Amino acid sequence: MNSARLLAAVYAHTLTRLLKRRSEVIAAPTLSVILEFALLPYGLMLYGGALQFHVVVVTALVATSTLGAALAAAVLHVVELRLGFLDQILQVPLPRHIVLIARALAAVTAALPPAVLSVLLSRAYVSVTVTFIAVALTASILAGLSLVGLASLVGSLSKDISRASFAVSLASSALTLLSPVYFPLSVLPHWLAVLLLFNPLTPAIELTRSVALRGALDVTCAVALPVSSAVWLTAGTVALKRRIEEA
């Protein structure tokens, strides 16, 4: 019971600190979501065609809606680590990896408002069912955990704060470009489709898209997404833990 209370306290403390950074964690990601949903799908609808490009893109935007906020939260974690602000939290009598996982969960929670907003805005373009909402939000949360883990891994390997921020920003661009945001995975050669599944955004996008377009779950992506989240979160946690122990 004591451990559970301590874990909840770490989670609440981290979430409170993140929500105070309104511009990085809330305002900028929310504005980005609004602009994406206002401009891109509408332009694709005007373009027309039988392929319904706007549906393909909207489902991807929903699945990746935690991208900006999750990465911003992860960068803030790394910055705090470099500035020594984590010392107080790491005095908590819990294993360090548990503390870091609690902070990762708080980061994803802070990234949820843009995800919820994206689901609401998607009603203008796709049929929003209970299944779609459940799958979209679950995919966003798991993708967010992957992104926090990946950003923590990249940031912990950098030697200073400016390089860490640049590395995470570069990773964000690479993840977006190397994912099926603007096209379905099925149009790619098999070897390339399999390779892109290692990108944590890919299974989240394809899982959400399969529900919107076919009304059924993509089994491969339903398995790949939680596995990807576990792998990236573990890698980021281990890297940060080692960084803390070396400091």
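If we keep just the residues of the range 37-52 that are in a helix (DSSP H, G or I) and open to solvent by less than 70 Å² (accessible area, probe 1.4 Å), which is modelled with the highest pLDDT?
Among them, the one singled out is F37.
I'd like the residue in the range 122-147 that is surrounded by fewer than 20 Cβ atoms within 10 Å (Cβ to Cβ), of a type in the set (V, I, T) and outside any helix (DSSP H, G or I) and, out of all such residues, is modelled with the highest pLDDT.
Residue satisfying both the conditions and the ranking: T129.
Can you tell me which condition V168 does not meet? The list is (1) modelled with pLDDT of 80 or more; (2) open to solvent by less than 20 Å² (accessible area, probe 1.4 Å); (3) not small (G, A, S), and all the others hold.
Unmet condition: (1).
Which residue out of T59, T16 is out of contact with any strand residue (DSSP E or B) (no Cβ under 7 Å at 6 or more places or on another chain), modelled with pLDDT of 75 or more and surrounded by fewer than 19 Cβ atoms within 10 Å (Cβ to Cβ)?
Residue meeting the stated conditions: T16.
Please work out which one of (1) outside any loop (DSSP other than H, G, I, E, B); (2) open to solvent by less than 40 Å² (accessible area, probe 1.4 Å) is the condition N199 fails and give its number.
For N199, the failing item is (1).
Has the range 108-118 got any residue that is modelled with pLDDT of 80 or more, open to solvent by 50 Å² or more (accessible area, probe 1.4 Å) and in a helix (DSSP H, G or I)?
yes
Within the range 171-193, which residues are without any contact (Cβ under 8 Å) to a residue 12 or more places away in the chain, assigned to a loop (DSSP other than H, G, I, E, B) and hydrophobic (A, V, I, L, M, F, W, C)?
Listed by number, the list holds a single entry, L188.
Out of (1) in a helix (DSSP H, G or I); (2) farther than 22 Å from L117 by Cβ; (3) among the hydrophobic types (A, V, I, L, M, F, W, C); (4) open to solvent by 30 Å² or more (accessible area, probe 1.4 Å), what's the single condition that is false for A224?
Condition not satisfied by A224: (4).
The values are calculated or read from the model by the stated rules, or taken from the named source; none is laboratory data. This one's a predicted model, so the numbers in the text were calculated from it and none came from an experiment. Every residue, glycine as well, gets a Cβ built from its backbone with ideal geometry; the counts of neighbours run over all protein chains shown. Side chains are part of the model used for accessible areas, which takes the heavy atoms of the whole protein and leaves out ligands, DNA and RNA. Shrake-Rupley method; radii C 1.70, N 1.55, O 1.52, S 1.80 Å.
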